[in-house]
Amino acid sequence: MQGRGLLSEELNQLRRELELMAVRVEGDLEKALAVLRTGSKEIAGEVKDSGKTVNALQLRIEDMALVLIATQQPVARDLRELITVFKITSSLERIGDYGVHLAKAAIKLSNRPSFRSMERIECMAETGQKMLKAAVCAYLAQNADAARTAALMDHKIDGEHKALTEEVLSLMKKRPQLVKAAARLLRLSGYMERLGDHITNICEGIVFMIEGSHEDLND
C-alpha cells in the first residue's frame, strides 16, 4: 500500500490511540468523582497510578505523529490533523493531572466539615467529563460544529467557579477557622475551571484541523 492509502491507515491507527488516551482520562475523572463522593483512598491511588499510563500514551501518540510528518510528508488537511494531535495530547495530559488534583483534594477535604460548595465542585467535574466525551466524539467524527457545541459547556463550569468563589470568600469571613479548608476548595475550583479551558482548547484544535481557521471558543 502506497501514498495516500498508507497515510490514511496510519492516521486511523493514530486516532484509535488518541481515543484510548481520552477514554483513560475520562475514566480517571470518573474515579476522581467517586473519591469526591466517597473519600476512598484506594480509588484515589488508582487515579494517581493511572497518570503513568496517560503519560506513556502521550509519548507514543506524539512519536507516531512525528514519524508520519517525517516519512509521509502530509499536506493541507492531514498535516493540520497531525499538528492538532500534539495540542490534544498535551491538553489530555493536563486534564489527567487535574483529575489527580481532584482525587487528592477530595481525600483531604473528606476529613473537614462539609461544604455546600462541594456540590459545585462535583457539578464542574461532571460537566468537564461530559464536555471531554463530547470533544473526543467531535474529533473522531471530524465534526467542527460538534466541537463548537462541546465548547459551550465551559460556560457552565465558569459559572459554577464564579459562584463558588463568591460563596467561599463569604464563608472565610464568617468562619475564619475554616480558612485553610476553604482555600483548598478555592484551589480545587480553579483546577476544574482550567480543566474546562483545556477541553475548549481541544475543541479549537478540532475546528482548526477541519476548517483550517483559528477560532476562539472561549467567548
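The values are calculated or read from the model by the stated rules, or taken from the named source; none is laboratory data. None of these values were measured; they are calculated from a predicted model. Backbone-built Cβ (ideal geometry, glycine too); neighbour counts: all protein chains shown. Each accessible area value is taken on the protein alone, full model and side chains, heavy atoms only, with ligands, DNA and RNA left out. Shrake-Rupley method; radii C 1.70, N 1.55, O 1.52, S 1.80 Å.
Using the Karplus curve 6.51 cos²θ - 1.76 cosθ + 1.60 with θ = phi - 60°, work out ³J(HN,Hα) for each residue of the range 170-185 in order, rounded to whole Hz, and write x for Gly and Pro.
After applying 6.51 cos²θ - 1.76 cosθ + 1.60, I find 5, 5, 4, 6, 7, 10, x, 5, 9, 4, 4, 5, 5, 5, 5, 5 Hz.
Please state the relative contact order of the range 1-63 as a whole percent: Cα pairs under 8 Å, 6+ residues apart? The partial results should precede the final answer.
Working: 24 pairs, mean separation 23.4, N = 63.
Over the range 1-63, the number comes to 37 percent.
Grab the Cα-Cα distance for residue 8 and residue 126, subtract it from 0.36 nm times how many residues apart they are, and report the gain in nm with one decimal.
Gain in length upon complete extension: 39.0 nm.
Sketch the reach of a paramagnetic label on residue 107 as a point 7 Å from Cα along Cα-to-Cβ, and name the residues of the range 28-44 whose backbone nitrogen lies under 13 Å away.
It comes to 32, 35-36, 39-44, nothing else.
How far apart, in nm, are two points set 7 Å out from the Cα along the Cα-to-Cβ line at residue 48 and at residue 187?
1.5
Beyond 24 Å between alpha-carbons counts as too far, so tell me which of 48/156; 87/108; 133/180; 104/173; 87/133; 41/174 fall in that bin. Let's see the in-between values first.
Values: 48/156 27 Å; 87/108 32 Å; 133/180 34 Å; 104/173 26 Å; 87/133 16 Å; 41/174 31 Å.
Result: 48/156; 87/108; 133/180; 104/173; 41/174 exceed 24 Å.
With just the Cα atoms defining each centre, how far is the range 13-55 from the range 173-215? Give it in Å.
So the two Cα centres are separated by 18 Å.
Can you give the FRET efficiency to the nearest 0.05 for residue 180 and residue 218, using r as the Cβ-Cβ distance and R₀ = 30 Å? Mind showing how you got there, number by number?
On the way: r = 32 Å, r/R0 = 1.06.
The value I calculate is 0.40.
Rolling a 1.4 Å sphere over the protein heavy atoms, what is the accessible area per residue of the range 64-219, to the nearest Å²?
Value for the range 64-219: 47 Å² per residue.
Hey, got the dipole for the chain? About the Cα centre, +1 on K and R Cβ, -1 on D and E Cβ, debye to the nearest 20?
Once rounded to the nearest 20, the dipole reads 1200 debye.
Report the extension gain between residue 38 and residue 73 in nm, rounded to one decimal, defined as 0.36 nm multiplied by the number of residues separating them, less their alpha carbon distance. Don't skip to the end; give the middle numbers.
Values: separation 35, 0.36 × 35 = 12.60 nm, distance 5.04 nm.
Answer, rounded to one decimal: 7.6 nm.
Round to a whole number: what % of the accessible area of the range 62-129 belongs to carbon and sulfur, probe 1.4 Å? Each step should come with its number before you reach the end.
Numbers: 1600 of 3140 Å².
Whole-percent figure for carbon plus sulfur exposure: 51.
Could you work out the relative contact order of the chain? I mean the mean sequence separation of Cα pairs under 8 Å and 6+ apart, divided by the number of residues, in percent.
On the way: 265 pairs, mean separation 55.8, N = 219.
Computed value for the chain: 25 percent relative contact order.
Note the full-extension length gain between residue 55 and residue 90 as 0.36 nm times their separation in residues minus their Cα-Cα distance, in nm to one decimal.
Numbers: separation 35, 0.36 × 35 = 12.60 nm, distance 0.96 nm.
Additional length available on full extension: 11.6 nm.
Jot down the radius of gyration and Dmax of the range 105-181, Cα atoms only, both in angstrom.
Computed over the Cα atoms of the range 105-181, radius of gyration and Dmax are 16.3, 51 Å.
Could you estimate the translational diffusion coefficient of the chain from the Stokes-Einstein equation, with Rh from the Kirkwood formula over C-alpha pairs, at 37 °C and 0.692 mPa s, in whole µm²/s? List each step's numbers first, then the result.
Numbers: Rh = 18.2 Å.
Translational D for this selection: 180 µm²/s.
Kindly write out, for the range 36-53 in residue order, the coupling ³J(HN,Hα) from the Karplus curve 6.51 cos²θ - 1.76 cosθ + 1.60 (θ = phi - 60°), rounded to whole Hz, with x marking Gly and Pro.
4, 7, 10, x, 6, 6, 5, 5, 4, x, 5, 5, 4, 5, 5, x, 5, 5
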